[in-house]
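The values are calculated or read from the model by the stated rules, or taken from the named source; none is laboratory data. Here the structure is a predicted model, which is why all the values come from computation and not from measurement. No Cβ is skipped: glycine too gets one built from the backbone with ideal geometry, and neighbour counts run over all protein chains shown.
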């Protein structure tokens, strides 16, 4: 395992966040710091040039739309985005290639809008984002973490310690896409 130190320039101040948003050509809506440096334990390998940073919610929308809802920007923003913690996987040139959004409420944590651009899949990017979200949830005091995963991706989560917490269901009216709530304990008490 290799420890990854996130860049010191990672939105430590409001002015840095605003300048970073302008530099990326994005409109920054919130003036609150979006991230702070964190150390995540990550495996060495092909993803070592990728960093995981906290970001403002606006920085997640492009990847969300490209992967999850092409042509449906209305499905890529969440009403609760401002209350969430958003993580992005970026390449050295600050190109966002993956995102995950975390929402913690007491002992329960839920992540939503987890997406990695197709060209960067099977390289460990998604695993690193998921590990970072789990670490953040545990640090916030959550006992378990869950998501509503597309049914065909359930095996991905099962390999990472998640289990189905109910039968598959249709999440969106008029859609035949089935989802499964996948849950993982974050502490030893719930795991036993």
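Summary of values
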quantity: Residues (in contact with a strand residue (DSSP E or B) (Cβ under 9 Å, 6 or more places away or on another chain) and either within 13 Å of residue 68 (Cβ to Cβ) or not assigned by TED's automatic domain parsing to the domain that holds residue 78 (or both)) located in the range 112-125; calculated: 112, 113, 114, 115, 116, 117
quantity: Criterion (without any contact (Cβ under 8 Å) to a residue 12 or more places away in the chain and in a helix (DSSP H, G or I)) met by exactly one of 152, 176; calculated: 152
quantity: Residues being out of contact with any strand residue (DSSP E or B) (no Cβ under 8 Å at 6 or more places or on another chain) and either assigned by TED's automatic domain parsing to the domain that holds residue 69 or within 15 Å of residue 113 (Cα to Cα) (or both) - total across the range 150-179; calculated: 2
quantity: Residues being at negative phi and touching a residue at least 40 places away in the same chain (Cβ under 8 Å) - total across the range 103-119; calculated: 5
quantity: Flag for residue 142 being touching a strand residue (DSSP E or B) at 6+ places or on another chain (Cβ under 8 Å), part of a loop (DSSP other than H, G, I, E, B) and buried (at least 17 other Cβ atoms within 10 Å of the Cβ); calculated: yes
quantity: Test: residue 184 is part of a strand (DSSP E or B), on the phi > 0 side of the Ramachandran plot, touching a strand residue (DSSP E or B) at 6+ places or on another chain (Cβ under 9 Å) and at pLDDT 90 or above; calculated: no
